[in-house]
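Enquirer: I'd like to ask you about the structure that follows.
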Amino acid sequence: MAMTNALFPILQLSDSQFPSGAFSHSFGLETYISNGTINSSASFRKVLEIFLANQFVYTDGLACRLAYEGLEIGNLEQLWQLDQSLYALGMARETREGNRRIGDRFVKIVSTLYPNQVFDQYNMELKNKNVFGHSALVFAIVSKHLGIERETAISSYGFATASSLVQNAVRGVPLGQTEGQKILVDIQPLLTDIVNRIMLLDETEFGIGAPGLEIAQMQHEAIDVRLFMS
Amino acid sequence: MTYTGHLQLEASERYGKSVLSDAYYNGVFKISRPTYTDENLPLVQLIHVGGGYVDGDTYLTEIHVKNMAKLAVTTQASTKVYKTPHKQVMQRALYKLEANTELHMKQDPLIAYKDARFTQETEVHMDQSASFFFTDSVTPGWSKEGTLFPFTCITSKLKVYQNGRLVIFDHLRLKPDEDLMQLLQLEGNTHVGSLFFIHSEVTVEWIQKLRDYLASFCDDQYGVSLLQIPGVCLRILAKRTSLIEKIFAAVEEFIHSTIYNRSAISWRK
């Protein structure tokens with residue numbers, strides 16, 4: 001596929017309105033809203049920063065980098081193993097299932113929009129129930145296919161993650177729309193820093209969890225009134 | 001390679017009874033003479049005769065539970081890790097569970113002192129019909145400076161493969177220079193505990209009952225959830241080891257009364 005401007009597909013995938021289903025998941029953050037820990041723009045921003053500096057750095061972001069590197073050497077087996085590891089890392093059922101649903105949907109939509117052989121394989125592996133689907137791999141596959149650099153792929157994925165959590169916070173906390181957008185400006189230096197950190201991580205650091213967040217994700221199952229599925 | 005401590009255990013079923021069919025140990029690892037619990041489960045205590053883990057130590061524990069056999073293993077005391085100026089301590093454990101087996105692993109807390117670096121890697125290969133119980137907890141050791149986290153870095157990885165496929169990957173790393181007290185991390189706590197129980201009868205409904213049961217007497221910071229295979233993960237944060245032990249004991253009791261229909265294992269300590 002000839003791509004004269006790789007910016008457009010990246011903008012498209014990073015759009016918080018992209019129909020991946022991410023708008024129905026808070027990934028445990030609703031527990032913090034429910035218990036009052038998140039009750040303002042400042043408190044949400046703090047949690048978002050820690051989320052990105054941990055969950056995104058060691059798991060989602062690093063998975064995106066490792067998948068991209070697997071594609072560079074044509075090792076698709078590495079991608080399917082990453083997909084299985086990402087699913088195995090999920091200790092909280094709702095979050096694990098949320099990631100799977102979003103991932104599965106993301107693979108199906110993006111593989112239709114930007115078809116290529118790797119996506120064909122991914123769809124096949126999904127059909128055979130060998131893998132589960134994960135958005136980290138989708139960002140890597142589409143970026144590699146369109147000739148977008150590794151750092152840009154991870155940056156876009158990080159921004160998409162932040163943007164989707166901000167949109168959910170606007171509805172869930174709630175925050176003003178402008179407050180939400182302001183957070184997306186304020187965290188830009190952090191996102192740059194995070195991408196640099198991901199580039200330097202060792203593969204053995206993959207999947208380091210945040211125990212408090214995991215507990216919040218587990219506790220979400222028992223919250224009575226909820227806006228989000230996780 | 002020569003390990004600071006190396007242990008191999010094998011359990012088999014003979015005429016309807018589980019026995020410890022083979023045991024090998026070398027270095028600072030020893031085991032107690034196996035005793036039998038009231039439920040006829042062989043119980044082995046792991047003993048570290050060296051007093052504590054120090055710089056550059058390497059440990060390997062291999063446990064093989066053969067068809068139909070059951071085994072309960074515990075540590076005699078907590079594992080103490082001291083300073084590691086040159087090389088971190090590495091501990092590996094490999095557990096193999098064949099069809100229709102049970103392995104109950106109850107480890108005492110790991111206590112990490114000043115400047116300790118420790119990595120633990122546990123790998124479990126189990127048949128779908130096997131069941132596995134496992135506890136793990138990390139406690140910061142006392143330091144004369146009064147530091148909350150005197151150690152340098154503690155890493156614990158657990159990988160469980162069921163019928164050859166990776167189904168659980170737990171990766172905990174406590175590195176005090178990364179602000180452990182903050183939200184999403186230890187959230188003002190100092191101790192972390194994890195409990196895994198894999199058994200074909202664990203369902204969403206069973207976990208809901210467990211959650212209700214725990215909520216009836218405990219308001220500590222913990223969570224329970226269903227794994228991708230029938231099994232549960234419990235994670236708890238606390239300021240004291242005794243709270244973690246209390247929850248672990250309650251979960252154990254719940255498991256034994258609802259699933260095995262017997263009283264919980266008396267670990268005889």
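The values are calculated or read from the model by the stated rules, or taken from the named source; none is laboratory data. Model, not experiment: these values are computed from the prediction. Reconstructed Cβ throughout: ideal geometry from the backbone, glycine too, with neighbour counts over all protein chains shown. Side chains are part of the model used for accessible areas, which takes the heavy atoms of the whole protein and leaves out ligands, DNA and RNA. Shrake-Rupley method; radii C 1.70, N 1.55, O 1.52, S 1.80 Å.
Enquirer: Mind checking which pairs have a first residue in segment B:215-236 that is at the interface with chain A (Cβ under 7 Å from one of its Cβ atoms) and crowded, with 20+ Cβ neighbours inside 10 Å and a second that is among the polar types (S, T, N, Q) and assigned to a strand (DSSP E or B), Cβ under 8 Å, 6 or more apart or different chains?
Expert: Correct list of pairs: B:233/B:194; B:233/B:225; B:235/B:194.
Enquirer: Have a look at A:40, A:85 and point out the one that is in contact (Cβ under 8 Å) with a residue 40 or more places away in the chain and more than 20 Å from residue A:211 (Cβ to Cβ).
Expert: Matching residue, one of A:40, A:85: A:40.
Yes/no matrix, rows are residues, columns are (1) part of a helix (DSSP H, G or I); (2) modelled with pLDDT under 95; (3) within 14 Å of another protein chain (Cβ to nearest Cβ):
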{"residue": "A:152", "(1), (2), (3)": "yes, no, no"}
{"residue": "A:157", "(1), (2), (3)": "yes, no, no"}
{"residue": "A:166", "(1), (2), (3)": "yes, no, no"}
{"residue": "A:169", "(1), (2), (3)": "yes, no, no"}
{"residue": "A:181", "(1), (2), (3)": "yes, no, no"}
{"residue": "A:185", "(1), (2), (3)": "yes, no, no"}
{"residue": "A:209", "(1), (2), (3)": "no, no, yes"}
{"residue": "A:217", "(1), (2), (3)": "yes, no, yes"}
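Enquirer: Only one of these is within 19 Å of residue B:160 (Cβ to Cβ) and in a loop (DSSP other than H, G, I, E, B): B:228, B:185. Name it.
Expert: Just a single option satisfies the conditions, and that option is B:228.
Enquirer: How many of the residues making up segment B:237-258 are crowded, with 18+ Cβ neighbours inside 10 Å and touching a Ser or Thr at 6+ places or on another chain (Cβ under 6 Å)?
Expert: 3
Enquirer: Exactly one of these conditions fails for residue A:190: (1) open to solvent by 10 Å² or more (accessible area, probe 1.4 Å); (2) modelled with pLDDT of 95 or more; (3) within 14 Å of chain B (Cβ to nearest Cβ). Give me its number.
Expert: (3)
Enquirer: Determine the pairs where a residue that is closer than 23 Å to residue B:240 by Cβ and among the aromatic types (Phe, Trp, Tyr), located within segment B:191-206, has a partner that is modelled with pLDDT under 95 and open to solvent by 10 Å² or more (accessible area, probe 1.4 Å) with Cβ atoms under 8 Å apart, the partner being 6 or more residues away or on another chain.
Expert: Going by the 8 Å Cβ cut-off, there are no qualifying pairs.
Enquirer: Of the residues A:205, A:221, only one is surrounded by fewer than 21 Cβ atoms within 10 Å (Cβ to Cβ), within 30 Å of residue B:194 (Cα to Cα) and within 11 Å of another protein chain (Cβ to nearest Cβ); which?
Expert: Only one candidate qualifies: A:205.
Enquirer: Let me ask something additional. Based on what the data block shows, is residue B:199 open to solvent by 20 Å² or more (accessible area, probe 1.4 Å), in contact with a Leu (Cβ under 8 Å, 6 or more places away or on another chain) and under 27 Å from residue B:7 (Cα atoms)?
Expert: No, not satisfied.
Enquirer: Might you let me know whether segment A:140-161 holds any residue that is under 14 Å from residue A:47 (Cα atoms) and either touching a residue at least 40 places away in the same chain (Cβ under 8 Å) or buried (at least 24 other Cβ atoms within 10 Å of the Cβ) (or both)?
Expert: Yes, the conditions are met somewhere in segment A:140-161.
Enquirer: How many residues does segment B:143-169 hold that are farther than 17 Å from residue B:97 by Cβ and more than 7 Å from chain A (Cβ to nearest Cβ)?
Expert: Start the filter on segment B:143-169 by keeping residues that are farther than 17 Å from residue B:97 by Cβ, which leaves B:143-157, B:169.
Among the residues that remain, those that are also more than 7 Å from chain A (Cβ to nearest Cβ) are: B:143-157.
Summing the residues that are farther than 17 Å from residue B:97 by Cβ and more than 7 Å from chain A (Cβ to nearest Cβ) in segment B:143-169 gives 15.
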